[in-house]
Amino acid sequence: MPRRSHRPPLTVKQIIAWAKAHQRRTGRWPNAGTGPIPGAQMTWAGVNSALRNGDWGLPCGASLSKLLDEHCRVKATLTVEQILSWMKGHRQRTGRWPVSRSGAVLDAPGEDWQAIEASLRHGNRGLPAGLSLWQLRLLTGQAEPEQVERRRRTARELDLGGFLHKGHYGPWWTKSEVTLLGRVPNEEVARRTGRSTDAVRQKRQAMERRRRAGGR
């Protein structure tokens with residue numbers, strides 16, 4: 001808190017000006033995950049947090065997406081990675097994966113799962129069309145065993161992996177999780193890490209291929 005008291009007040013007018021400059025420069029409206037704001041010494045995540053908490057003289061309880069919707073009549077762009085992050089956060093808090101009827105997005109004030117489902121299906125807000133929350137859930141590698149094969153086929157048909165940045169294959173494995181591979185059965189690794197046994201098997205096979213190829 002003391003560090004923030006030295007910062008000049010931040011206004012809605014300034015945020016809107018930054019957002020419009022970003023849109024002119026990139027062709028897209030910013031969201032909380034867009035990154036640094038050129039010349040402002042802060043990030044869009046920081047702006048979103050300040051709006052949510054009422055910091056730096058801003059009203060409390062707002063969000064970047066809500067602000068853009070009210071003042072620019074636009075919805076901020078979304079990415080598959082951002083939605084996956086919100087989905088995982090929802091599951092951590094509630095023990096369930098979100099569906100279109102789950103209501104507000106807990107980590108994104110002003111967003112709701114029904115609107116996100118519609119954006120995925122229709123390709124709104126910068127997202128590819130023809131997707132759904134269920135299909136994105138497959139990318140986490142944590143679908144129920146009886147659904148894995150059917151959804152894997154769907155993912156291949158729709159090329160869902162093509163919508164992720166290179167290197168994203170579900171939740172990243174930590175060093176402690178990797179050490180379990182080869183020491184305990186796949187089912188036990190899955191139980192301890194919260195992954196499906198299929199995801200564990202694929203990770204083990206990928207590591208074995210790298211070893212055979214002489215990789216680390």
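Observations, loosely collected:
- Net charge of Cβ neighbours under 14 Å - reference Ala17; Lys, Arg +1; Asp, Glu -1: +4
- A simple count of charges around Ile37, restricted to other residues whose Cβ falls under 13 Å of its Cβ and scoring Lys, Arg +1 and Asp, Glu -1, yields +2.
- Summed side-chain charge close to Lys88 - residues other than Lys88 whose Cβ falls under 13 Å, Lys, Arg +1, Asp, Glu -1: +3
- The string of couplings for the range 120-131 from the Karplus curve (6.51, -1.76, 1.60, θ = phi - 60°) is 5, 5, 9, x, 8, 6, x, 8, x, 7, x, 9 Hz, one whole number per residue in order, with x for Gly and Pro.
Every read-out reported here was derived from the displayed coordinates using simple, explicitly stated rules and does not represent laboratory data. Nothing here was measured: the structure is a model prediction, and the numbers come from that model. We place every Cβ from the backbone using ideal geometry, glycine too, and count neighbours over all the protein chains shown.
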